[in-house]
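Enquirer: One structure follows; several queries about it will come next.
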Amino acid sequence: MHEPMQALSSLRRRLIAPSRLLPVVGAALCLVLVAVSSAHAVQPDEIMSDPAQEARARDLSRGLRCMVCQNQSIDDSSAPLARDLRLLVRERIASGDSDQQVLDFLVARYGDFVLLKPPFERSTLPLWLLTPLLLAGGGLALWGYSRRRAKAIRAAQDAPPRLSEEEEARLAKLMAAERPAGEETRA
């Protein structure tokens with residue numbers, strides 16, 4: 001009778017141990033799938049036959065913003081517009097354009113926004129300064145709030161506590177009872 005219980009216990013341990021690893025393995029598998037899916041945004045039919053030109057195209061694509069995703073390069077994006085831009089880059093390279101000519105063509109067509117790192121110019125000044133200004137403004141607002149709050153806390157600690165009418169009446173009654181009989185109240 002004791003042997004079947006041991007066999008059942010052993011079987012249970014073997015089944016439970018892998019189930020504890022299942023969430024970890026699942027999470028790792030999801031991370032691998034996400035990483036692999038974004039790494040293969042460039043379709044096989046887009047790849048150029050010349051490895052040097054393909055390397056140039058990939059390098060340029062990493063610096064160009066996907067107009068749909070906006071936080072991804074066209075090299076990482078699987079949006080149809082990103083594919084069109086990748087094909088356009090490859091077309092321009094195949095026709096003999098230099099990297100700068102390809103970039104100039106795209107900037108002329110889409111503006112500086114197409115570049116993931118726009119140049120520091122008067123027209124792009126808001127793009128460069130908006131984030132630091134927002135962070136500084138938020139920091140100043142937080143600093144001002146904490147100063148006002150600290151001041152209010154100090155004022156509340158320094159002020160005498162307020163008594164309710166009932167507490168004041170009880171206090172007056174207690175103080176009247178403690179006074180010697182001949183002493184007058186001052187008001």
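The values are calculated or read from the model by the stated rules, or taken from the named source; none is laboratory data. Note that the coordinates shown come from a computational prediction; the quantities given were computed from them, not determined experimentally. Reconstructed Cβ throughout: ideal geometry from the backbone, glycine too, with neighbour counts over all protein chains shown. Just so you know, the surface numbers come from the protein's heavy atoms only, side chains and all, with ligands and any DNA or RNA stripped out. Shrake-Rupley method; radii C 1.70, N 1.55, O 1.52, S 1.80 Å.
Enquirer: Which one of these is among the β-branched types (Val, Ile, Thr) and in contact with a strand residue (DSSP E or B) (Cβ under 6 Å, 6 or more places away or on another chain): 107, 114, 102?
Expert: From the options 107, 114, 102, the qualifying one is 114.
Enquirer: Let me ask something additional. If a residue has to be in contact with a Gly (Cβ under 8 Å, 6 or more places away or on another chain) and exposed (fewer than 13 other Cβ atoms within 10 Å of the Cβ) to count, how many in region 92-133 make the cut?
Expert: Final tally of qualifying residues: 1.
Enquirer: Here is a further query. Answer yes or no: is there a residue in region 127-144 that is out of contact with any Asp or Glu (no Cβ under 7 Å at 6 or more places or on another chain) and within 30 Å of residue 56 (Cα to Cα).
Expert: The answer is yes, given that some residue of region 127-144 is out of contact with any Asp or Glu (no Cβ under 7 Å at 6 or more places or on another chain) and within 30 Å of residue 56 (Cα to Cα).
Enquirer: Read through the list (1) surrounded by 11 or more Cβ atoms within 10 Å (Cβ to Cβ); (2) more than 24 Å from the chain's Cα centre (by Cα); (3) modelled with pLDDT under 65, then give the number of the only condition that residue 38 fails.
Expert: With respect to (1) surrounded by 11 or more Cβ atoms within 10 Å (Cβ to Cβ); (2) more than 24 Å from the chain's Cα centre (by Cα); (3) modelled with pLDDT under 65, residue 38 is out only on (2).
Enquirer: List the number of the failed condition for residue 122; all other conditions in (1) farther than 22 Å from residue 77 by Cα; (2) in a helix (DSSP H, G or I) hold.
Expert: (2)
Enquirer: Cβ-Cβ under 7 Å, sequence separation 6+ or interchain: first residue in region 51-79 and more than 12 Å from residue 89 (Cα to Cα) and touching a residue at least 24 places away in the same chain (Cβ under 8 Å), partner assigned to a strand (DSSP E or B) and of a type in the set (A, V, I, L, M). Which pairs?
Expert: 65/115; 73/64
Enquirer: Would you check which residues across region 149-171 are assigned to a helix (DSSP H, G or I) and surrounded by 10 or more Cβ atoms within 10 Å (Cβ to Cβ) and list them?
Expert: The answer is 149, 150, 151, 152, 153, 154, 167, 168, 169, 170, 171.
Enquirer: Within region 50-82, count every residue that is open to solvent by 70 Å² or more (accessible area, probe 1.4 Å) and either in a strand (DSSP E or B) or farther than 18 Å from residue 117 by Cα (or both).
Expert: Of the residues in that region, 3 qualify.
Enquirer: Somewhere in region 96-116, is a residue over 30 Å from residue 51 (Cβ atoms), outside any loop (DSSP other than H, G, I, E, B) and of a type in the set (A, V, I, L, M)?
Expert: No, region 96-116 contains no residue that is over 30 Å from residue 51 (Cβ atoms), outside any loop (DSSP other than H, G, I, E, B) and of a type in the set (A, V, I, L, M).
Enquirer: Now, a different point. What number goes with the only condition from (1) at pLDDT 90 or above; (2) within 27 Å of the chain's Cα centre (by Cα); (3) not small (Gly, Ala, Ser) that residue 130 does not pass?
Expert: It fails just one condition, (1).
Enquirer: Of the numbered conditions (1) closer than 30 Å to residue 47 by Cα; (2) without any contact (Cβ under 8 Å) to a residue 12 or more places away in the chain; (3) of a type in the set (Val, Ile, Thr), residue 102 fails exactly one; give the number of that condition.
Expert: The number of the failed condition is (2).
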